[in-house]
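Following: one structure in structure tokens, then a few remarks.
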Amino acid sequence: MSAVNDTKSNSIVFLLTGIPGLKDVHLWISIPFFLMYIISVVGNSVILFIIKTDPSLHEPMYIFLSMLSITDLGLSIATMLTTLGTFLFNSREISLDACFTQLFFIHSLSKIESSMLLLMAFDRFIAIRNPLRYTSILTLPRIAKMGLVLVLRGMAVILPHPFLLKQFQYCRANVLSHSYCLHQDVMKRVGSDIRVNYIYGLFLTFFTVGLDSLLIFLSYVMILKTVLSITSHRECLRALNTCISLLCAVLLFYTPEIGLAVIHRFGNSSSHLLQILLGYVSLLVPPLINPIVYSVKSKHLRARRIRVFVK
């Protein structure tokens, strides 16, 4: 009986979708998508190369930035093949196992990115609140342990999703709403009771993204309280300036995430296109913009990047 079920599950395919109603111009839409992926991969790779090769950048802030760049690089790679395949070649079919594998990497990397932003907020809080003990608190072994714990958390909380989804029965062909696999999208193609998945997904959102965003908000409240206590207006502006890049990264990540959560819970059928566009924004824009923002705001990275390209 199990062999029959395995055979059936292996023959199931999901059909990916680009942007509904714009199929005739998918080839033209693929051009900006292709450029966004190229800029994301090159931008994050250059940041990693600069931080690795420049010993003066081997300090907590840039180590956390390299972790964020690795996560952004992973997110771009996780969606690149299916997105470009759908828009460029109309290659829409994806097998059940491939879909669940992509789903695992997309969601776990998204949770890891949320954790990286929390670590970076903690880094700015320590740097502004207690600058004299900054390097003694954020030592390399401690940074490695914090990063490892949060990466394992991001992977562990998503790991049950593919196994829970594997238990359900699907039709032979299931049309998804995006050019990649998302958990909430696959769940809608299940005909049986999905309350366990729904409750676990809701708990997961509060435990990861919800908790991280709350701690980031509290970190910024404490940072603002510390900065406002500085008597020197110039030092106050300098301290705030170090947080602008992170604030941009936080807004880029959490704004579409919160928007998607609101639409999934309270949206109606007319918001389907908005939901799809927000899905692309949440996965494509942060890996694209983060390296640009940090390169512009950090004079050390900007100088090293110019030196690399001039050479």
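Tabulated values for the structure
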| item | result |
| --- | --- |
| Order of 274, 204, 16 - criterion: other Cβ atoms within 10 Å of each residue's Cβ, fewest first | 274, 204, 16 |
| For the chain: relative contact order, % (alpha-carbon pairs under 8 angstrom, 6 or more apart) | 28 percent |
| Span-rule helices in the chain, defined as complete DSSP H runs reaching 18 Å or more along the axis (Cα) with Kyte mean at least 1.0 | 26-53, 60-89, 140-158, 211-228, 272-297 |
| DSSP-assigned coil residues among chymotrypsin sites (Phe, Trp or Tyr not before Pro) in the stretch 48-94, each with at most 13 further Cβ atoms within 10 Å | none |
| Segment residue 142-residue 98, extension gain: residue separation times 0.36 nm, minus the distance between their alpha carbons | 12.3 nm |
| Expected 222 nm ellipticity per residue - DSSP helices of 4 or more, -39500 (n - 2.57), all of the chain, to 500 | -26000 deg cm²/dmol |
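Just so you know, all these numbers are worked out from the coordinates, no wet-lab data involved. Since the model is a prediction, treat every value here as computed from it, not as a measurement. Ideal geometry is used to build each Cβ from the backbone, glycine not excepted, and the neighbour counts take in all protein chains shown.
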